[in-house]
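Heads up, the thing below is written out as structure tokens.
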Amino acid sequence: MNSLIDRRLNGRNKSAVNRERFLRRYKDQVRKAVRELVQERSIEQMDQGGEINLPARDISEPSFRHGMGGDREMVHPGNREFAKGDKIDRPRGGGNASGSDPGEGESVDQFTFTLSREEFLNLFFEDLELPHLVRTQLGDVHQKKFQRAGYTTSGSPSTLSVGRTLKTSLSRRIALSVPARSELELAELKMEEARASGADADTLASIEIEIEEARARLARVPFLDELDLRYRNRVSVAAPMARAVMFCLMDVSGSMDEPKKDIAKRFFTLLYLFLSRKYEHVDLVFIRHTDNAEEVDENTFFHDPKSGGTVVLSALELMREIMHERYPPSTWNVYAAQATDGDSFGADAGKSARFLAEHLLPATRYYAYIEIPDPGDARKTSLWAEYEQESAPHFVMRRIRERGEIFSVFHDLFKKELA
């Protein structure tokens, strides 16, 4: 019989096996808690782990035990209120684990569980029905690369730089042989002068010994020494700084209810995670509009209600203004995502489409138009009809009615990236 042994390193007082079993057994409860956590988080915090609270009653398990058996009728000693056969009324209130006043409302014991970054992203992507390959790409937002960092005196033979090694060897041989070569030249000059002057044999023999010693010293200088070896050095560094800005445009009129805003937030989150994988620095700009547009923070963008008509052109003009003032396309990679239910007032649809084609699409690297209609509404809105005439390769249009349809918007973008 084959047996599998899990030898993964676990932290103190932790068990990876029990953790996986818990997530698998209570996946519905954990998924529900993650959805609640997503609504509270900002887009920039979406790729972090966190703590979730699960009701203790939802994770209770059935157990077998020996029952008392039969009917038992008894009155315990010390009782002064009841006699045998009396019925006890149900208590009107109970304890409260959350710390509120006793006897008020119902209490729910909470079980706190900490999700790692990888576990949170897996559950978040699963809700959006992303393929596993795309989940891996979006989850791994940190990129490293190896670059040349000069030479080192140690390394593997495959990284040996022959040219640099020979240059180092030549420099060392020249430096070490200068004294010996000078002595050899002086001794040879002295030998010529001694022979010219008719010196005796003893003098010539002593000079000959000096010449041989100088030549021996030159011969002892090795052609290649271990100190001459030079290896190519490569170090792991972060990817070069590349800046991108992501414009989030959304219609916040009365027709955009909370479920539609939730779909828009999940789409914006996916685009932000994708850009974070490609660029080291990503700025977010939130522009909301009804009949007029304004730049707001993320909390106001998704949660602050506002009423009025729908004029898309005001948001596009504000985006162009912000882009030219703070994010010029010459130094920034500009991305934009527009979410709306498609309603537009009067001639605004045609003006918006022309403004988009003339001023925004040439300056952006990717522009996504997301229309979130009501369930069962298949009509073509005026804004969709006008936008549909644009044929830029980096302009994508999709309708999203459910969360699971969000990935279809990213299909073309990821296909280009993988190619």
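The values are calculated or read from the model by the stated rules, or taken from the named source; none is laboratory data. Owing to the predicted nature of the structure, the values given are computational and were not obtained by experimental measurement. Here Cβ is always computed from backbone atoms with ideal geometry, including for glycine, and neighbour counts include all displayed protein chains. Keep in mind that these areas ignore ligands, DNA and RNA; they rest on the heavy atoms of the full protein, side chains included. Shrake-Rupley method; radii C 1.70, N 1.55, O 1.52, S 1.80 Å.
Pulled fully out, how much extra length does the chain show between His394 and Ala199, if you take 0.36 nm times their separation in residues and subtract their Cα-Cα distance? Write out the running numbers ahead of the final one.
Details: separation 195, 0.36 × 195 = 70.20 nm, distance 9.52 nm.
Full extension of this stretch gives 60.7 nm more.
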- Note on the structure: Full extension between Phe223 and Phe64 adds, at 0.36 nm per residue less the Cα distance, a length in nm of 48.8 nm
- Query: For Ser177 and Asn233, FRET efficiency with R0 = 41 Å and r from the beta-carbon atoms, rounded to 0.05?
  - Reply: 0.90
- Message: Along the Cα→Cβ direction, 7 angstrom out, place labels at Arg148 and Asp262. What is the inter-label distance in nm?
- Response: 5.5 nm
- Query: Taking amide H positions as placed 1.01 Å from N in the peptide plane, with prolines and chain starts having none, which residues 5 or more places from Thr310, or on another chain, fall under 5 Å of its amide H?
  - Reply: Phe345
- Rounded to whole Hz and in sequence order, give me ³J(HN,Hα) for the range 309-314 from the Karplus expression 6.51 cos²θ - 1.76 cosθ + 1.60, θ = phi - 60°, writing x for Gly and Pro. x, 10, 10, 6, 4, 5
- Item | Sequence of Tyr279, Tyr369, Tyr151 when ordered by accessible area, the most exposed leading, probe 1.4 angstrom | Tyr151, Tyr279, Tyr369
- Query: Once label points are set 7 Å from the Cα along Cα→Cβ at both Asp89 and Arg320, what is their separation, rounded to one decimal in nm?
  - Reply: 7.5 nm
- Amide H neighbours of Leu54 under 5 Å, at least 5 residues apart or on other chains, H built in the peptide plane: list them. Phe111, Thr112, Phe113
- Task: Report Glu185's accessible area, 1.4 Å probe, all protein chains in place, as a number in Å² to the nearest 10.
- Result: 110 Å²
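Take peptides 189-202, 223-236 and line them up by average Cβ neighbours within 10 Å, highest first, as a rough protection proxy. The partial results should precede the final answer.
Working: 189-202: 11.0, 223-236: 14.2.
So the peptides 189-202, 223-236, ranked by packing, come out 223-236, 189-202.
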- Sequence order, the range 211-220: Karplus ³J(HN,Hα) from phi using 6.51 cos²θ - 1.76 cosθ + 1.60, θ = phi - 60°, Hz rounded, Gly and Pro as x, gives 5, 5, 5, 5, 5, 5, 5, 5, 6, 6
- Task: Please give the residues of the range 189-205, grouped as numeric ranges, whose backbone N is less than 17 Å from a label point set 7 Å along the Cα-to-Cβ vector of Glu212.
- Result: 191, 201-205
- Short version: ³J(HN,Hα) in whole Hz for each residue of the range 225-233, in order, from phi by Karplus 6.51 cos²θ - 1.76 cosθ + 1.60 (θ = phi - 60°), x for Gly and Pro, what are they? 10, 4, 5, 7, 5, 10, 10, 5, 10
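Work out, step by step, the length gained on full extension between Val162 and Thr300: first 0.36 nm times the residue separation, then minus their alpha carbon distance; give nm to one decimal.
Fully extending the segment from Val162 to Thr300 adds 43.4 nm.
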- Task: Heads up, I need the accessible area for Thr152: 1.4 angstrom probe, whole protein in place, Å², nearest 10.
- Result: 40 Å²
